[in-house]
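For reference, the structure is listed below as structure tokens.
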Amino acid sequence: MTAPTDYTVPVLVHVPRPIYRMLAATARRHDVSVGALVVEVVRRALEVRSVRRGRDFWTVADDEVLRALHAAGLSGPQIAERMERSNTTIMRHRDRLGLTPHFSGRPRKASS
């Protein structure tokens, strides 16, 4: 692991003491600074996230798209497909926005 030679944005990170001790021990074993180790850990985490999810964080624009598709009467799975997100993600944000679910598929049984 090599230390980065140029920083474009300085970042202040508050790390709990036990985690810092673990980072410091790892940095000593690899003969690097704790800062370089933190930069590498963050870089790798972001790479994994981008490969795994293929998308960035949920945005305000995503809220607006969700609201529009919901208003058009699409169900959660239909919205998930259109937005290329998981159904769980859509349900979580739909609930957060206070939108009621639309159901598709078989009609419900009439209660007797």
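Could you tell me which residue of segment 70-87 is surrounded by the most Cβ atoms within 10 Å (Cβ to Cβ), considering only residues that are within 18 Å of Thr59 (Cβ to Cβ) and not small (Gly, Ala, Ser)?
Ile79
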Return the residue satisfying two criteria in turn: it lies in segment 13-28 and is of a type in the set (A, V, I, L, M, F, W, C) and over 13 Å from Val42 (Cβ atoms), and of such residues it is surrounded by the most Cβ atoms within 10 Å (Cβ to Cβ).
Ala27
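Read the figures in this text as sums done on the coordinates, not as results from a lab. Predicted, not measured: the structure shown is a model, and the values here were computed from it. FYI the Cβ positions are ideal-geometry reconstructions off the backbone, even for glycines, and counts take in every protein chain you see.
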